[in-house]
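This report concerns only the one structure given below.
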Amino acid sequence: MPSVEEGQLRKQIAGGELQGLFVVAGEEKYLVRRLAQQLRKKAGGESFPEFNQQDFTNDSSLDSIADAAQALPFFAQRKCVAVADFDVESKSAQELDKLYELWELSPETTTLVFWYPTLLFDGKKSAKWRKFLKNAEKQGIVVFCQRRSALELQRMLLREAEKNGCVLSRQNAARLVEYAGPDVTALRQEMEKLCAFALGSGQGEITGEMVETLVSKTTETTVFLMANALVAGEYEKAYGLLEQLFAQNEEPLSILGALSASYVDMVRVRAALESGGTAQDAARYGDYKGREFRLRNAQRAARNLTQGALRKSLHLLLEADLALKGSRLDGRIILDELVAKLLLASREEPV
């Protein structure tokens, strides 16, 4: 069977159609964990879970997995054998051949679930992964949980707020996604915290001030705010955000990488606009799923920079990258100097 959508798998789980093999993977790990949990619970049943719901990891031997898969369910119609983060790159050709044989010979009473709560892989670049997925689609069902778009994440937050008896505006939902990032688990945790605070204060409404004060901003978000301050020439704000990143013990290379990404966003957006398109057209040049706000931010920021200033800024970022990787200077000194140079570059006037 070919790959299916998450919704299709949920319908199969609800209908009890759980015979054979299931592979659940993808970028959105919250959905991977939730679907795998539903599969394991439904296929294993509630009777004697210690016998009918057996869990393995990448470190488990294939012999032990095979023995569990071949064993009949204990006083139940079916059992579930689940394997987490099975990494084909760490297996020999002989082990993988044994795995594919297991898939073919497993009894109908066993549901096999290979799920990936942490491991990410590219099924297009690796011959081993391509063969794994090809065999999985032949023997069962493959589901890839894709990262949600920013709009889908905002809708999820609005539903979560309503379910918890809170009021959340679309504007604040968008800001929450921008600050906390596209990870569903992180967003749900922030939503739980905000609802608890809003209800505890007797308001019931999650205000912009609450989002601004209580939501933990990702490193990426903090660096984006710093980039906006740099192109706007806001000296104190830029250095304040840099100090905040150092206080959080962020690595200089990680800070520089996120800062460089902000300027690359500006280049892509400017190119899209100059070609007669929109800022969102720049998404074709990178992965912005769930981070569409980056392109809107880049469009606003790029208005403050001339083409020459943007080109010079990229050169400065490259110099800083080479200095961090090849110099014995303290990374903090290099980034302090970079911020000063980027602030000067932002003041360049059109020729």
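The values are calculated or read from the model by the stated rules, or taken from the named source; none is laboratory data. If you're wondering where the values come from, they're calculated on a predicted model, not measured in any experiment. Note that we place each Cβ from the backbone using ideal geometry, even for glycine, and neighbour counts take in every protein chain shown. We work out accessible area using only protein heavy atoms, side chains counted, and drop any ligands, DNA or RNA first. Shrake-Rupley method; radii C 1.70, N 1.55, O 1.52, S 1.80 Å.
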Query raised in the report: Shape call for segment 149-208 from the C-alpha gyration tensor, a ≥ b ≥ c root eigenvalues: rounded (a/c under 1.5), prolate (a/b greater than b/c) or oblate?
Result: prolate
Requested in this report: Kindly state, to the nearest 0.05, the FRET efficiency for GLN307 paired with ARG347, given R0 = 22 Å and r defined as their beta-carbon distance.
Outcome: 0.90
**Report entry** Cross-link table LYS98/LYS134; LYS11/LYS138; LYS98/LYS138; LYS42/LYS163; LYS91/LYS131; LYS217/LYS237, entries beyond 18 Å C-alpha to C-alpha
**Finding:** LYS11/LYS138; LYS42/LYS163
Query raised in the report: Quick one, which of (i) 1.19; (ii) 0.99; (iii) 1.06 is the actual Rg/Rh (Cα atoms, Kirkwood Rh) calculated for this model?
Result: (iii)
Query raised in the report: Measuring from label point to label point, each 7 Å out along Cα→Cβ, what is the SER254 to GLN146 span in nm?
Result: 2.9 nm
Query - Sparse-neighbourhood loop sites, GluC sites (Glu not before Pro) in segment 312-351 - DSSP loop, at most 16 other Cβ within 10 angstrom - result: GLU348
Requested in this report: For segment 241-329, run through the trypsin sites (Lys or Arg not before Pro) and keep only the ones in DSSP coil with at most 13 other Cβ atoms within 10 Å of their Cβ.
Outcome: ARG303, ARG328
Report summary line: Farthest towards the positive end of the dipole of segment 15-162, among GLN139, LEU72, LEU151 and with Cβ unit charges of +1 on Lys and Arg and -1 on Asp and Glu, lies the Cα of LEU151
Report summary line: Computed over the chain, the relative contact order (Cα-Cα under 8 Å, seq sep at least six) in percent reads 16 percent
Query - Cα gyration tensor category, rounded, prolate or oblate, for segment 251-308 with a/c compared to 1.5 - result: oblate
Report task. Keeping all protein chains in place, calculate the accessible area per residue for the chain (probe 1.4 angstrom), answer in Å². Result -> 52 Å²
Report task. Within the set of other residues whose C-beta is less than 11 Å from the C-beta of VAL81, count the net charge using Lys and Arg as +1 and Asp and Glu as -1. Result -> +1
Report task. On a 0 to 90° scale, report how tilted helix 150-163 is relative to the longest principal axis of the chain, with both axes built from alpha carbons and the result rounded to the nearest 10. Result -> 70 degrees
Query - segment 295-339 - percent of accessible surface contributed by carbon and sulfur, probe 1.4 Å - result: 51 percent
Query - Apportionment of accessible area to carbon and sulfur, segment 64-166, percent (1.4 Å) - result: 51 percent
